[in-house]
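What follows is a single structure, written as structure tokens, with notes after it.
The values are calculated or read from the model by the stated rules, or taken from the named source; none is laboratory data. Predicted model, so just to flag it, every value in this text is computed and none were measured. Note: ideal-geometry Cβ built from the backbone for every residue, glycine included; neighbour counts use all protein chains shown. For accessibility, only protein heavy atoms count, side chains too; no ligands or nucleic acids. Shrake-Rupley method; radii C 1.70, N 1.55, O 1.52, S 1.80 Å.
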Amino acid sequence: MAVQLPADRIVALFLRFLGVKGNMRLGPTSFRTFIRHCKLSNSNLSMASVDILYIDITRSWANMLPDSRESGMGLQVFVEAVFYPAQRRFKSLCWRCVRLSWRTRE
């Protein structure tokens, strides 16, 4: 069995929680399901906060890519979105180091 890099794991999670077959964008319901199944929500991060996070991140990326007409969260957006609840859930980790190590493996 091959060892998976963090990037491979994130891609596998993204593909697992895609709702509609053939669509490579994650909807709000799928994102909530991901947060719930991965146990990233707790008293510090409510599901209402998850909804707001989804809206904020997808809007910010939509502004950066004005010609994109598809709604939902693509892989790049998902990668960014994963870090927010993880930071709140696992406060003891050095998240700056995690982000840098993930980016160097691309």
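How much length would be gained if the chain were fully extended between H37 and E80, taking 0.36 nm per residue of separation minus their Cα-Cα distance, in nm to one decimal? Don't skip to the end; give the middle numbers.
Working: separation 43, 0.36 × 43 = 15.48 nm, distance 1.81 nm.
Extra length available between H37 and E80 comes to 13.7 nm.
Explain nothing, just compute: Karplus ³J(HN,Hα) = 6.51 cos²θ - 1.76 cosθ + 1.60, θ = phi - 60°, for every residue of segment 70-77 in order, whole Hz, x for Gly and Pro.
Running phi through 6.51 cos²θ - 1.76 cosθ + 1.60 with θ = phi - 60° gives 7, 8, x, 10, x, 4, 4, 5 Hz.
Under 5 Å between amide H atoms, partner at least 5 residues away or on a different chain: which partners does M73 have, H built in plane at 1.01 Å?
The list, which skips near neighbours in sequence, is L26, G27.
Sort segment 15-64 into rounded, prolate or oblate with this rule: let a ≥ b ≥ c be the square roots of the eigenvalues of the Cα gyration tensor; rounded if a/c is under 1.5, and if a/c is not under 1.5, prolate when a/b is larger than b/c, oblate otherwise.
The shape class here is oblate.
How much of Y54 can a 1.4 Å solvent probe reach, expressed as accessible area in Å² and rounded to 10?
That residue has around 20 Å² of solvent-accessible surface.
Sum up the charges of everything whose Cβ sits under 13 Å from the Cβ of F31, counting Lys and Arg as +1 and Asp and Glu as -1, but leave F31 out.
On the way: positive: R16, R25, R32, R36; negative: D51, D56, E80.
With Lys, Arg at +1 and Asp, Glu at -1, the neighbours total +1.
Trypsin sites (Lys or Arg not before Pro) within segment 17-78: which are DSSP loop residues with at most 12 other Cβ atoms inside 10 Å?
Qualifying residues, ordered by number: K21, K39, R69.
How much accessible surface does L15 have with a 1.4 Å probe, in Å² rounded to 10?
Estimated to the nearest 10 Å², L15 gives 90 Å².
Determine how large the accessible area of M64 is when every protein chain is in place; take a 1.4 Å probe and give Å² rounded to the nearest 10.
Result for M64: roughly 120 Å² accessible.
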